[in-house]
Amino acid sequence: MAVAAARCVARVDADPAEVDASILDGCRAGDPVALTAFVSRYQHRVFGFLSRTLGAGPHVEDLAQEVFLRACRALPGFDATGSARPSTWLLTIARRLVIDARRKPRPALAAVDVDHAPAPETPETERRRIEIGRAIERAASQLPDDQRDVFVLAEFHDVDQREIASILGVPENTVKTRLFRARERLRALLRGVWEDM
């Protein structure tokens with residue numbers, strides 16, 4: 001048992017972006033401080049994934065809350081010594097909620113606030129940035145859902161292809177194909193935008 005606990009601490013602590021084993025244990029015990037730390041660590045990643053795949057809006061906040069509610073209920077069964085990291089596990093839960101949400105009528109993709117956008121130098125630069133953002137929104141909304149999900153996870157969340165395969169429940173080669181097709185489709189859809197620059 002001590003060996004398994006040591007592996008758990010080593011595996012989770014090896015990635016500073018992940019919570020440590022004590023936080024997971026605290027969450028399992030219902031400790032509100034641990035639960036707050038868990039949500040704080042992953043809320044931006046979950047919210048970003050939901051926003052980029054379903055479009056921004058109040059529905060995303062509701063879905064993000066649902067992700068964490070489901071995670072808290074399922075946390076006693078989560079194996080921190082297994083191959084899935086907590087972030088991957090949460091994105092898998094989020095992905096399942098995205099599938100359910102897509103079965104319902106949904107709004108068009110809305111702009112997602114960019115965390116580190118450079119300050120515009122001129123009004124013309126700002127206008128052009130807005131035009132490009134809208135073109136990317138339109139192009140992304142034209143991607144099939146499966147391609148959009150792979151693209152968002154790879155490009156915005158820096159998730160590797162093996163983990164994307166785990167999140168989506170598909171073979172890694174399928175992820176590679178979907179990502180290639182998404183990038184090709186976006187290039188084609190945005191060709192005119194880049195040529196105008």
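The values are calculated or read from the model by the stated rules, or taken from the named source; none is laboratory data. Computed from a predicted structure; not experimentally measured. All Cβ positions, even for glycine, are placed from backbone atoms using ideal geometry, and neighbour counts span all protein chains on display.
Determine if region 136-145 includes at least one residue that is outside any loop (DSSP other than H, G, I, E, B), in the same structural domain as Arg45 (by TED's automatic domain parsing) and at pLDDT 85 or above. No, that holds for no residue. For region 70-124, the candidate set comprises residues that are crowded, with 18+ Cβ neighbours inside 10 Å and over 16 Å from the mean Cα position of the chain (by Cα); within that set, the residue that is modelled with the highest pLDDT is Leu75. If we scan region 166-176, do we find a residue that is over 21 Å from Ala84 (Cα atoms), touching a helix residue (DSSP H, G or I) at 6+ places or on another chain (Cβ under 7 Å) and in a helix (DSSP H, G or I)? No, that holds for no residue.
Of all the listed residues (Arg187, Arg191, Arg127), the sole one being more than 19 Å from the chain's Cα centre (by Cα), at pLDDT below 80 and either crowded, with 18+ Cβ neighbours inside 10 Å or part of a helix (DSSP H, G or I) (or both) is Arg127.
Among the helices (runs of 4 or more DSSP H) confined to region 17-100, the ones with at least 3 residues that are in contact with a helix residue (DSSP H, G or I) (Cβ under 7 Å, 6 or more places away or on another chain), hydroxyl-bearing (Ser, Thr, Tyr) and within 22 Å of Asp158 (Cα to Cα) are located at 32-54.
Given the structure, is Asp15 at pLDDT below 85, farther than 30 Å from Pro144 by Cα and not aliphatic (A, V, I, L, M)? It is true that Asp15 is at pLDDT below 85, farther than 30 Å from Pro144 by Cα and not aliphatic (A, V, I, L, M). Candidates in region 39-61 are the residues that are in contact (Cβ under 8 Å) with a residue 60 or more places away in the chain and among the polar types (S, T, N, Q); of these, the one that is farthest from Asp145 (Cα to Cα) is Ser51. When region 54-69 is limited to residues that are more than 15 Å from the chain's Cα centre (by Cα) and not aliphatic (A, V, I, L, M), the one that is surrounded by the fewest Cβ atoms within 10 Å (Cβ to Cβ) turns out to be Pro58.
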